[in-house]
Structure formats: C-alpha cells, structure tokens
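Novice: Got a structure here, written out as structure tokens. Questions coming.
Read-outs: derived from the displayed coordinates by stated rules, not from any lab. Bear in mind the structure is a predicted one, so any value in this text is a computation, not a measurement. Positions of Cβ are backbone-derived with ideal geometry, glycine not excepted, and every protein chain shown enters the neighbour counts.
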Amino acid sequence: LIRSYFCPEIVDNLKTLTQQIQKANCAGPYLPRIRIFIDVIKCDHPCDGYPIEGIMNKKEAEIIKWSTDFELDIRAVDISHQKIITHINKLYNICCKGQRDEVSEILRKLNQYVNQHFGYEERMFVKFNYEDTEAHRARHQIFKDKLAEVGKMFLSQDSKDVDKQLMVFLLVWFRDHILKDDIKYIDLFKKNL
C-alpha cells in the first residue's frame, strides 16, 4: 500500500542510516520515528494486490501495530490509542476483502471513537490548563474534517486510489499525531492524573 511510494534505494539508505545512528548512539528521540518510518515503507502488506485470494482464511492484517514507541505511559490514553488502531486495522481488512458495504459502519465507529478520545484529551487540557490546547484542538479538527472528506470520497467512489488515500492518511496521521503532538502533554498529564 504505502511501500509503492518509495523506491528500494530510499528504503536501503534509511536502513543504513538507522544502523549508523544506532552504532553512534546519537539518535536520541529521532530513532523511534526513523524505525516507524522504515517499518511503514518496507512492510509487505497482504492487500497490495487487491483483491486478495484466500485472505478470509488468513490472520487479519495489521497496517498499524501497537508498539512501545507509541506508549505515552498514560493508561487511559494508551488504551484509547490501541482501540483507534483496532478500528483502523478493521477498516484496512475490509478494504482488502472488497467488503465496501461494511465500510460505512467501520468509518462511523472510527469517527465515534476518535471523537470520544479527542473529547477526553480536550477536557484534560482544560482541566490541567495545557498551554497548547488551542493548537492541539485545531489539529484534532483538521483530522476530523479530513476523515469526513476522505470517508465521503471513499463511499462515493469505488477506487483503489481512494482506498490507498484513506489508509495512508489514517496511518501517517495517527503516527505523527502521537509522536509529534500527544507526546507534548505527557508530563502535564502524569503530574495531574
């Protein structure tokens, strides 16, 4: 799915760079992001070939796997993020199996759960007087708007490109949001929860 956007040379160069950074032990906070990026572009997704023969008999594919890199060490938030991953993976598998009639229900559940999660975060922002509240809320709204837009495109068009656009959007946004945005409130939440 995503791998097709990157040439093999880029993947190889990133692997080499990661090994050099690990040897030098100088990556600091960047190594987890590099590892995640490499995982995204090197993985062999079982759904690359739409439609997939016999996928019904195979274990469900995971476009996103929970990893310690995502852990904020805030139990309620980590559990919520894991549930979002579950919904994204369900959506991915439904797309792979060509079960487009089930997509609207999964999108509805994903949207509902994301709204619950964002609502919880935003209530805690206010309660704890988080300095980046407005900017974080704005990023939440951008996600909700984009999910609605891509979801409508997905439901109105039967296109592999729209499928890919939706899954790439969800994957990249989820990873970036945790590793760039949510990570900023860890200390505040831990101090006040």
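Novice: I need the phi-derived Karplus couplings for segment 171-179: 6.51 cos²θ - 1.76 cosθ + 1.60, θ = phi - 60°, integer Hz, Gly and Pro marked x.
Specialist: In residue order, the calculated couplings are 5, 5, 4, 4, 5, 5, 5, 5, 7 Hz.
Novice: For ARG139, what is the net charge nearby, where nearby means another residue's Cβ is under 12 Å from its Cβ and Lys, Arg count +1, Asp, Glu -1? Walk me through the numbers before you get to the answer.
Specialist: Numbers: positive: ARG137, LYS144, LYS146, LYS180, LYS184; negative: GLU121, GLU122, ASP132, GLU134, ASP145, ASP176, ASP181, ASP182.
Within the 12 Å Cβ shell, the charges total -3.
Novice: Roughly what would the spin-label model give for TYR113 and GLN141, points 7 Å off Cα along C-beta, in nm?
Specialist: 2.6
Novice: Near GLY151, within a Cβ-to-Cβ distance under 13 Å, what is the net charge of the other residues, with Lys and Arg +1 and Asp and Glu -1?
Specialist: It works out to a net charge of +2.
Novice: What is the diffusion coefficient of segment 74-193 in µm²/s, taking the Kirkwood radius over Cα pairs and the Stokes-Einstein relation at 25 °C with a viscosity of 0.890 mPa s? Display every interim value, and only then the final one.
Specialist: Numbers: Rh = 15.1 Å.
The estimated diffusion coefficient comes to 162 µm²/s.
Novice: Take ARG100 and LEU179, extend 7 Å from each Cα along the Cα→Cβ direction, and tell me the distance between the two endpoints in nm.
Specialist: Here the modelled spin labels are 3.3 nm apart.
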